[in-house]
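Here you go, one structure.
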């Protein structure tokens, strides 16, 4: 017995969704800019592991705003 999508209730209002989408977009821009910075300056590949955080926060903000959860 699964839960159908019509039963799920959104728990974020429009203002909170906009805020999370904004944070997600900013984090993705920071991730892309940081990756460009690392490539431009020829940083060691281990430094690219730090890019996980801005991309994760960006994806989290986007998906939370999209799914309203």
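Does residue 21 qualify as being outside any helix (DSSP H, G or I), surrounded by 12 or more Cβ atoms within 10 Å (Cβ to Cβ) and modelled with pLDDT under 95?
no
In addition: Which residues, taken from region 10-67, are in contact with a helix residue (DSSP H, G or I) (Cβ under 6 Å, 6 or more places away or on another chain) and touching a residue at least 40 places away in the same chain (Cβ under 8 Å)?
Within region 10-67, 17, 20, 21, 24, 61, 62, 64, 65 meet the criteria.
The values are calculated or read from the model by the stated rules, or taken from the named source; none is laboratory data. In this text the structure is predicted, and so the values were computed from the model without any measurement. All Cβ positions, even for glycine, are placed from backbone atoms using ideal geometry, and neighbour counts span all protein chains on display.
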